[in-house]
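Below: the structure, in C-alpha cells.
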Amino acid sequence: MPTLGIELCDAALRAANCTNSEVRLLDVTSQDGATEWPGFAYHEGATFSFGRAAEDMWFVHPRRVVHTFWAKLAHDSASSLNVANRSPSFSELAYFFLREYSGRIAATAGAPSSVVFAVPGSYLKDQAHEDEKIGLLLGMAAELKLPLAGIVDLACAALCDPRAPGFNPTLPVVVVDVQLEGADLTLLAVDEKLERKHFLHLPNSGYAQLLKHLTATMGNRFLRATAFDILEDGRVEQTFFRQTKDFLESGADEHRYQLNTATRNYEMIAKHDQLVGDLQGYVSTLVQGLHAFIDHTAHAPGLCTVALTARTAALPGLAARLRVAGFTRQLRLPAGAAAAGAARIGEQRLRPLPDVADVPVETAVPLSDTRRMTTTVWEARLQKSRRAEPRLVPTHAILDGIGHALGGHNRFTIGLAIDGANLVLPDAFNTIDDCLVPLLRENSRLWFVDPAPPGDAPAASPAPRVSIDAGDRLTIRCGPASAEVIFAHCAVPGAPG
C-alpha cells in the first residue's frame, strides 16, 4: 500500500503517493469530474459542496460561499454562512472538506498505508498557532481514521520532491508560495538538517484578492470593447472569472473571452502583456515584501536561492522582477511539490503511530530527504548584520581573535597559505584545493564576490557580489572544518574608509 502526501494549501489541495521511492501526483476527481480542489465551500440548504464546484458559485451566490476556513482554521464561526440556524465553524468546514477530499482520494487511488500532511508555514509560526491548528488537524485525522504518520512544514516538504530541480545547500533558500488568502515566505538553511529559520506571512496577497482584481480589470476592458457589462448577472461574471483564471494559469500569449447571451455572442482577445500590466502593482508589492524579509534575516538577494512554487511561478512578470531586484538564483518547483515531498518523506522514515498525539511535527528534515545539487567541497556564506542604521566600511578582518588589516589594496583574499592568501585559514582546511575567497575594493566599498554563481546564469554575466560592512560575518566550511571571519572598523590613522 502506498504512502500518501497531502498538501493542505487553500489555493489548491494536492495529493501524491509514493511506492518504492517513486512519486506520483494524483488527479483526485470530484463527483462532478473536476480535479481542482481550491479551498472553497458552498452551501445550499443543508447541503455542502467543496473545491471547484464551490468556487463556481463564488460570484453567483457570494454569501453562501466561504474560502477562508483553511487560513483561519479555528473553532471560530464562519459568520457569513447560516446552516440550520447556526454558523458552522472554520474547523467544521475544514473537516467536511477533508472528509470529502480524503474520500475521493480513496476512491481514486485506494486506501494508503500512511499519510503525511504538508501544512502552511502559518500553522507553525509560533507555539500558540501550532497548538491550535495542529491540534485540530490531529483531531480530524483521528475522526477520519487516517493513518497519519507526520506533519511537515510545506516549504520543507516542497524541497524534498524528487521531481524538483536540486537546490544548493551551501546557500539559504527562500520558498515563495502564493496561497488563496496570502503569500508565505519561508527561509531555510542547511546546517546538519534543512531547517526553517524565518517565516513571514503577507496577508491580502493571495489568489482570492488577485483573481478578483484581474476579473474586474479584464471586465472593464471587455465593457469598453463590446459595450457589455459582465456585472449585470452573477452567472455571467462567474463565467468571466473562470476564463480569467484559466488564462492566468495557462501562460498563453493570448486568450479569447467569449460570453453568450440569448440574443448575441460577445468576444474579446486579451493579451499576456495586459496580464503583466494588470499584475504590476501586485508583483511589486510581493517583491518588496520579499526584499524586506531578506534584509530582516540579514541575507543578501544575490546570495539566496528563491524557490517558487508552481502556482507562484505562474504569475506573469514575477520572475523578471525578481531578477531586477537582485534575486538571480531562482528555481521553479513542480506542481504539487509539497504533496510529493511529504509522500517521499513518509515512505522513507515516518510510520503511523497508535496515539495520534505522538505524531511528529517537523520544521526541519534530514538532508537525505532533500533534493540537492552536487556542490563543491567547500562553501563560503556571508551573513549581513541586522543593524538597520548605516555602517562603516570595515578596516579589519578578524579570525580567531586576531585582526588582519584589509589595507587599501583592490583585492584581499581569504584561503590557504599555498595560494598566497592575505588571510590564511586554519590548518584544518589544508586538505582541500582551490579554497580562495576574493574580496574586492571598488568605489571606496569592499565587496564579497560569490565563488559559486547561479548555475542558470548566462556565461558572460558577472558573478553576484555583495557589499561588506562592519559587523558582517563570513562563514567558510569544508566538512568538519569551519572558520568565521568578522569584519570590523577600527579607527586607526591611515586606515581606508
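The values are calculated or read from the model by the stated rules, or taken from the named source; none is laboratory data. Because the structure is a prediction, the values reported are computed rather than measured. Using ideal geometry, Cβ is built from the backbone for each residue, glycine included, and neighbour counts are taken over all protein chains shown. The accessibility values were calculated without ligands, DNA or RNA, using every heavy atom of the protein model including side chains. Shrake-Rupley method; radii C 1.70, N 1.55, O 1.52, S 1.80 Å.
Taken over the stretch 320-336, the criterion of being on the phi > 0 side of the Ramachandran plot and either out of contact with any Gly (no Cβ under 6 Å at 6 or more places or on another chain) or in a helix (DSSP H, G or I) (or both) is satisfied by Gly336 alone. Within the stretch 471-497, the set of residues being open to solvent by less than 30 Å² (accessible area, probe 1.4 Å), at pLDDT 90 or above and in contact with a Gly (Cβ under 9 Å, 6 or more places away or on another chain) comprises Phe487, Ala488. For the stretch 437-470, a tally of residues being modelled with pLDDT of 80 or more, out of contact with any Phe, Trp or Tyr (no Cβ under 6 Å at 6 or more places or on another chain) and under 15 Å from Ile414 (Cβ atoms) returns 6. The residue pairs whose first member lies in the stretch 122-147 and is over 16 Å from His201 (Cβ atoms), whose second member is open to solvent by less than 60 Å² (accessible area, probe 1.4 Å) and among the polar types (S, T, N, Q), and whose beta carbons are closer than 7 Å, counting only pairs six or more residues apart or on different chains, are Leu136/Ser91; Leu144/Ser102; Leu146/Ser102; Pro147/Ser113; Pro147/Ser114. Before we move on, is Ala270 more than 30 Å from Leu474 (Cα to Cα) and touching a His at 6+ places or on another chain (Cβ under 8 Å)? Considered against the rule, which asks whether it is more than 30 Å from Leu474 (Cα to Cα) and touching a His at 6+ places or on another chain (Cβ under 8 Å), Ala270 comes out as yes. Can you tell me how many residues within the stretch 91-101 are open to solvent by 20 Å² or more (accessible area, probe 1.4 Å) and touching a strand residue (DSSP E or B) at 6+ places or on another chain (Cβ under 8 Å)? Qualifying residue count for the region: 2. Kindly establish whether Tyr257 is within 19 Å of the chain's Cα centre (by Cα) and crowded, with 20+ Cβ neighbours inside 10 Å. Taking the combined requirement at face value, the residue does not satisfy it. Condition test on Ala149, is it surrounded by 24 or more Cβ atoms within 10 Å (Cβ to Cβ) and either of a type outside the set (Val, Ile, Thr) or not in a loop (DSSP other than H, G, I, E, B) (or both)? Yes; evaluated as a whole, the condition is true for this residue. Tell me which residues, restricted to the stretch 401-429, are farther than 14 Å from Ala483 by Cα and part of a loop (DSSP other than H, G, I, E, B). Those that are farther than 14 Å from Ala483 by Cα and part of a loop (DSSP other than H, G, I, E, B): Leu406, Gly407, Gly408, His409, Asn410, Gly420, Ala421, Asn422.
Hey, can you tell me all the residues within the stretch 79-124 that are at negative phi and polar (S, T, N, Q)? Those that are at negative phi and polar (S, T, N, Q): Ser79, Ser80, Asn82, Ser87, Ser89, Ser91, Ser102, Thr108, Ser113, Ser114, Ser122.
Here's the yes/no breakdown for (1) in contact (Cβ under 8 Å) with a residue 40 or more places away in the chain; (2) farther than 16 Å from Ala155 by Cβ; (3) in contact with a strand residue (DSSP E or B) (Cβ under 8 Å, 6 or more places away or on another chain); (4) of a type outside the set (Asp, Glu):
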site	(1), (2), (3), (4)
Glu181	yes, yes, yes, no
Lys197	yes, no, yes, yes
Leu202	yes, no, yes, yes
Leu211	no, yes, no, yes
Glu249	yes, yes, no, no
Glu254	no, yes, yes, no
Asn265	no, yes, yes, yes
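Taking the residues in the stretch 12-42 that are in contact (Cβ under 8 Å) with a residue 40 or more places away in the chain, open to solvent by 20 Å² or more (accessible area, probe 1.4 Å) and not polar (S, T, N, Q) as candidates, determine which candidate is farthest from Thr312 (Cα to Cα). Among residues in the stretch 12-42 that are in contact (Cβ under 8 Å) with a residue 40 or more places away in the chain, open to solvent by 20 Å² or more (accessible area, probe 1.4 Å) and not polar (S, T, N, Q), the one farthest from Thr312 (Cα to Cα) is Val23. Among residues of the stretch 54-67 that are at positive phi, none has a Cβ under 6 angstrom from a residue that is among the small types (Gly, Ala, Ser) and open to solvent by 30 Å² or more (accessible area, probe 1.4 Å) at a sequence gap of 6+ or on a separate chain. Scanning the stretch 106-154 for residues that are within 24 Å of the chain's Cα centre (by Cα) and charged (D, E, K, R) yields Lys125, Asp126, Glu130, Asp131, Glu132, Lys133, Asp153.
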